[in-house]
Structure formats: structure tokens, C-alpha cells
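These notes concern the structure reproduced below.
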């Protein structure tokens, strides 16, 4: 596959809606892990990004795909892990996922989608 075909495939993936209820891993640089959920009729992305040796965690409102992130219709939070004085190293991805999901539920209310995912994360750990 040529570099041009590779780029078209990558761009197509970024335009597709992300599946709900499963973490999507994109191990490019920076390393990122994304979860799309629908909560009370609003689309959210829970977005973890590795910066240096620590995870950053954001909630992005109004986005269904990665290409939506460049549009002006999305609203990004600050780095919520840092805001709550939480620091997870590269090997602590499971704990970072749990923390970001917990912060989301505390701020926006309980989500049955996240509750099911949290149970899966705990059993995998």
C-alpha cells in the first residue's frame, strides 16, 4: 500500500463515527485512547493522551468522530486528571480510564454505559 493510500485510509477512519461503549486505541504520536458515549442525548468523547510519561484526561462534548475535533462545535474540558491532582504513568492506563470515567460520572451524572464499562475494566485488571 502506498503512502497516499495509507493517508486516505487514516483520514477515512478519522471521519467515521467512533463506536460507543468501547475504548479506541490510537497508538500514533501522541498516544491516545478514546471512548465515545452518548449521555442524556449528548455525544461525548473521553479522551486520554499520553504526554511525556503521564496521561492527560479530557471530556469533549459534541463530538462523534475524530474529525469533529477540528470543528468549532466541540467543547473541550481542561486536563481533568491534572485538575484533580491525579497523575498516572504510562503503564497505569487502566487506572487513568477508571479515574476519567469516575470524574465524568461525578460531573454529568451516572451513565449506564460507563457503569458497564467500569465493570469490564475492573475484571480485566
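Computed from the coordinates by the stated procedures, all read-outs in this text should not be read as laboratory data. Note that this is a predicted model, so its numbers are computed, not measured. FYI the Cβ positions are ideal-geometry reconstructions off the backbone, even for glycines, and counts take in every protein chain you see.
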Per-residue Cβ neighbour rank within 10 angstrom, fewest leading, 59, 42: 42, 59
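Once the piece of chain linking residue 78 and residue 95 is laid out straight, how much longer is it, given 0.36 nm per residue of separation minus the C-alpha distance between them? Write down the numbers at each step before the final one.
Details: separation 17, 0.36 × 17 = 6.12 nm, distance 1.89 nm.
In short, 4.2 nm is gained.
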Ranking of 79, 43 by count of other Cβ atoms within 10 Å, fewest first: 79, 43
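Got a sec? How would 40, 49 order by Cβ neighbour count within 10 Å, fewest to most?
With the fewest neighbours first, 40, 49 line up as 40, 49.
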